[in-house]
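In what follows, a structure is listed as C-alpha cells, so that the remarks can point back to it.
The values are calculated or read from the model by the stated rules, or taken from the named source; none is laboratory data. Given the structure is predicted, the values throughout are model-derived calculations rather than measurements. Note that each Cβ is placed from the backbone with ideal geometry, even for glycine, and that neighbours are counted across all protein chains shown. Note: accessible area is taken over every heavy atom of the protein model, side chains too, but ligands, DNA and RNA are not part of it. Shrake-Rupley method; radii C 1.70, N 1.55, O 1.52, S 1.80 Å.
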Amino acid sequence: MKTTPFWTEEAPRPADLPVSALPERVDVAVIGSGYTGLNAAIALRKAGVSVAVLEEHTIGWGASSRNGGMATTGLKEEMPNVFKRYGAAMGRAFWQWALASIDHVEQTVVEEEIACNFVRSGHVTLAFKPSHYERFAGEASWFHDNLAYDDLWVVDKEQVRGEIGSSAYFGGIVDRNSAALHPARYVFGLAQAAARRGALLVEQAGVTGLAHTASGFRVITKQGQMQAGDVLMATNGYTGNVVPALRRGIFPVGSYIIITEPLPPDLQHELSPRGRMFFDSKHFLNYFRLTPDGRMLFGGRHDLSTDLDLLESAQKMQARMVEVFPQLRGVPITHTWTGKLGLTFDLMPHVGRVDGVAYAYGYAGHGVSVASYLGKEAGEMLAGARTTSLFAQIKHARYPFTPYDKLYLPIVSQWFRYLDRVS
Ligand SMILES: Cc1cc2nc3c(=O)[nH]c(=O)nc-3n(C[C@H](O)[C@H](O)[C@H](O)COP(=O)(O)OP(=O)(O)OC[C@H]3O[C@@H](n4cnc5c(N)ncnc54)[C@H](O)[C@@H]3O)c2cc1C
C-alpha cells in the first residue's frame, strides 16, 4: 500500500509545466499554488497584472491535489445558522454565491479546456441515525421556504437504496447540483492556464518573511528575495507564521483518504448506481465516491490531528468502509494519504487584508469550488477589477491561542465524538 496520493500518481504534475526562476519584481506575489492561488493568478493576468505564484513544494502540492474531488453545494456552516448570524438577505446571497462557485469551476474547466472529469454528479447526505433522518424533511422544507431551492429532495430508507448499495443508512437528502472532478487534473490544468496567460510559477520557493517597503513588499523566500507591489496569502490549511495574525485565524485539520483497486463495473454500479458523491450526517463525517477509473475513495477524520500514521489510518478507514459496504471486505487498498484543510472559527471562508497583506482561506471541506471562486474574487480585488467580496463583509475572528492547537484539538475532538454519540 502506498502512502502517497493516488491522484498525483495517476495524473502527475505535467513534465512540461513551465516553471520559472524567482523574478526580481512583480505587481503581485501569490503565496501558495492551490485552487485559491491559481484562480487568483488567472484573474490577475486577465486584468494585465504581472504575477508570480510562489510555492514551497511543487505546484499544486497542498490539499488541492489530495482532496476528495467533491464540489458540493453550500458552505461548511449550515445555511440556517448563516441566516441566523448574518440575516436573511446576506444568507440568501451566501447561498447563491456558493452555487455560483460550482458554476465558476464548470466554466473555467470549459474555458481553459481542463480535462479533469468534471461531472454534475449530485450528492447524497446519508442519515447515520434515525434521528438524523427525521431532521431531513424539515431541512428540505427550510431550503424550499427560505431559498426557493427545490433541487434537493429527501429519500427514505428504502428509496436510498436506489442511490447507494448499502443498508447502513436511514435515508438521505439528494442534491442534484453538486459535482465531481479529478482534483489533480484540475489543479494542474489551472496551473497550465495561469502559465499560458503569463503567470510565473516558482517552485521550492517557500516564503519565510515579508517586509514592508515604500513600493509594497520585500518577499523573502528560500530561493532569495524579490519585490512585489502586493501579496496574496493563499496557503489555507498550510498557513504558517509568515503573517502571525493569519495563523491565529485558522486551524489546520487533517483529513485522511484510502482508495481501493479498480472495482468490476457491476460492483461499481451496485455501490453507486448514479455515480453520486456521498457523505454522512456525523460530525466526524465520512465522505466517499467512485473515482473516474472505478475505485472506491473513502475519506474522513479520525480526530483532528494532521500527523497520524497512514497505515494505521488505512486500517481504521477500511473498517469504516466495510461497515458501509460489506461488499468491499477483502478488496485491496492501494493508497492511503492525508492533507490539511483549513477551518476558521466561524466555519466561514475569509478574505481581506491583515497587516497590509491580502489573504483568502478557510473553506473547510468545500474548497474545490469555494477556494476557486474566492481565489478569483481575491485576484480581481487585487487587480482593482472588483471592490469587495461578500466574505470580506463579515467579522473574521482571530484567537490568541491557535499556535497551541495540539493542546486543545483533542478536547474539540472529544466534543465532536460526544455529539456523534448523543445526536
Ligand atoms: C484529504 C482532503 C480531502 C478534501 N476533500 C474535499 C472535497 O471533497 N471537496 C472539497 O470541496 N474540499 C475538499 N477538501 C478541501 C480542499 O482540498 C481545500 O479547501 C482546497 O484545496 C484549498 O485550496 P488552497 O489553494 O486554498 O490551499 P492548498 O491547495 O492547500 O494550497 C496551499 C499551498 O500553500 C503552500 N504554502 C504554504 N505555506 C507556504 C509558504 N510559506 N510559501 C510558499 N508556499 C506555501 C503549500 O505548500 C500548499 O501547496 C479536502 C482537503 C483534504 C486535505
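Assorted remarks:
- Two-decimal Rg/Rh across the range 124-240, once Rg and the Kirkwood Rh are taken from alpha-carbon atoms: 1.24
- More than 25 angstrom apart: percent of Cα pairs within the range 46-160: 42 percent
- Using the Stokes-Einstein relation with a Kirkwood hydrodynamic radius computed over Cα pairs, the translational diffusion coefficient of the chain at 20 °C and a viscosity of 1.002 mPa s comes to 98 µm²/s.
- Viscosity 0.692 mPa s, 37 °C: Kirkwood-radius Stokes-Einstein D of the range 1-42 over Cα pairs, µm²/s: 251 µm²/s
- Per residue value of the accessible surface for the chain (all protein chains in place, 1.4 Å probe), Å²: 40 Å²
- Under 5 Å from the amide H of Lys2 lie the amide H atoms of His335, Thr336, each residue being 5 or more positions distant or on a separate chain, with H modelled from the backbone and absent for Pro and chain starts.
- Reachable lysines from Lys129, criterion Cα separation under 18 angstrom, eight or more residues apart if same chain: Lys157, Lys282
- Dividing the Cα radius of gyration of the range 284-398 by its Kirkwood radius returns 1.10 for Rg/Rh.
- Rel. contact order, % - alpha carbon contacts under 8 angstrom, at least six apart, the chain: 25 percent
- Each Lys or Arg adds one and each Asp or Glu takes one away; over the other residues whose Cβ falls under 10 Å from the Cβ of Ser272, this sums to +1.
- Over the range 319-371, relative contact order from alpha-carbon pairs under 8 Å, at least 6 apart, %: 25 percent
- Bridges between two residues of the chain, per DSSP, are antiparallel at a rate of about 70%.
- Mean residue ellipticity, 222 nm, helices only, the chain: the sum of -39500 (n - 2.57) across DSSP H runs of n ≥ 4, divided by residue count and rounded to 500, is -10500 deg cm²/dmol.
- 27 Å Cα-Cα reach of Lys46 towards lysines, excluding residues that sit fewer than 8 places from it in its own chain: Lys376
- For Ala385, nonlocal amide neighbours, meaning residues 5 or more places apart or on other chains whose placed amide H falls under 5 Å from its own, do not occur.
- Cβ-derived FRET efficiency at R0 35 Å, Ala47 paired with Arg274, nearest 0.05: 0.30
- Shape summary: the range 1-78 maps onto an equivalent ellipsoid whose semi-axes, from the alpha-carbon gyration tensor, are 25, 19, 10 Å in decreasing order.
- Cα gyration tensor of the range 237-276 - equivalent ellipsoid semi-axes, whole Å, descending: 41, 11, 7
- The relative contact order of the range 183-342, computed from alpha carbon pairs under 8 Å that lie at least 6 residues apart in sequence, is 22 percent.
- Rounded percent of accessible protein surface that carbon and sulfur make up, the chain, 1.4 Å probe: 53 percent
- Qualifying GluC sites (Glu not before Pro) in the range 1-105, DSSP loop, other Cβ atoms within 10 Å at most 12: Glu24
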